[in-house]
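Take a look at the structure set out below.
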Amino acid sequence: VQLQASGGGLVQPGGSLRLSCVASKSIFEVNGMGWYRQAPGKQRELVAAFTTAGYTNYADSVKGRFTISTNAKNTVYLQMNTLKPEDTAVYYCNAIEIHGTYWGQGTLVTVSS
């Protein structure tokens, strides 16, 4: 599966952004999808993910601020509210299939005044 992420940009603290990830196949043809991020000098970490069985998981640092959702076709969104400078990172979407894990290119989110 191929993934195309978009929606990053520069936003002030307290602002919002919505990231999109368009997959080359239906989200129901994969086991799950998610968003990860990697800040400079840090390891890539899970932000939010779901399985097509209905399980959703969020990093503690984003709970109550970020929401993962889909269009029930081939796009996954990450709505990010009340953004903080520590949310600055390159955000990646991924898809998990029985054959392996696939990654899209990253989209940069910068939270700064």
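Just how large is the dipole of the chain about the Cα centre, in debye to the nearest 20, putting +1 at every Lys and Arg Cβ and -1 at every Asp and Glu Cβ? Intermediate values should be presented prior to the final figure.
Numbers: 9 positive and 6 negative charges, 30 e Å.
So the magnitude is around 140 debye.
Starting from the Cα of residue 84, step 7 Å along the direction of its Cβ; do the same at residue 44; then give the gap between the two resulting points in nm.
2.4
What chymotrypsin sites (Phe, Trp or Tyr not before Pro) does region 64-113 have in DSSP loop regions with at most 13 other beta carbons within 10 Å?
none
Tell me, in nm to one decimal, what length is gained between residue 98 and residue 4 on full extension, where the rule is 0.36 nm per residue of separation less the Cα-Cα distance?
Values: separation 94, 0.36 × 94 = 33.84 nm, distance 2.02 nm.
Contour length minus the Cα-Cα distance gives 31.8 nm.
Leaving ligands, DNA and RNA out of it, work out the accessible area of residue 60 with a 1.4 Å probe and give it in Å² to the nearest 10.
Number for this one is 120 Å².
Not counting ligands, DNA or RNA, and with a 1.4 Å probe, what is residue 113's accessible surface area in Å² rounded to the nearest 10?
130
Using each residue's phi in region 27-43, evaluate 6.51 cos²θ - 1.76 cosθ + 1.60 at θ = phi - 60° and report the 3J(HN,Hα) Karplus result to the nearest Hz, with x for Gly and Pro.
5, 7, 9, 10, 7, x, 9, x, 10, 10, 9, 9, 8, x, x, 10, 7
Hey, got the dipole for region 54-113? About the Cα centre, +1 on K and R Cβ, -1 on D and E Cβ, debye to the nearest 20?
The calculated dipole for region 54-113 is roughly 160 debye.
Just read off the accessible area of residue 52 with the full protein assembly in place, 1.4 Å probe, to the nearest 10 Å².
Residue 52 has an accessible surface of roughly 60 Å² with all protein chains in place.
How much length would be gained if the chain were fully extended between residue 59 and residue 108, taking 0.36 nm per residue of separation minus their Cα-Cα distance, in nm to one decimal?
15.8 nm
So for the pair residue 16, residue 69, with labels modelled 7 Å out along Cα→Cβ, what separation do we get in nm?
0.9
Give the lysines whose C-alpha is closer than 28 Å to that of residue 84, dropping any in the same chain fewer than 8 places away, or say none.
Within the straight-line limit of under 28 Å, residue 84 reaches these lysines: 42, 63.
Find which of 48, 15, 28 sits farthest along the positive direction of the dipole of region 1-62, computed with +1 on the beta-carbon of Lys and Arg, -1 on that of Asp and Glu, about the Cα centre.
Selected residue: 15.
The values are calculated or read from the model by the stated rules, or taken from the named source; none is laboratory data. Just so we're clear, the structure is a prediction, and the values are computed from it rather than from any experiment. Cβ: placed from backbone, ideal geometry, glycine included. Neighbour counts: every protein chain shown. In case anyone asks, the SASA skips ligands and DNA or RNA and just uses the protein heavy atoms, side chains included. Shrake-Rupley method; radii C 1.70, N 1.55, O 1.52, S 1.80 Å.
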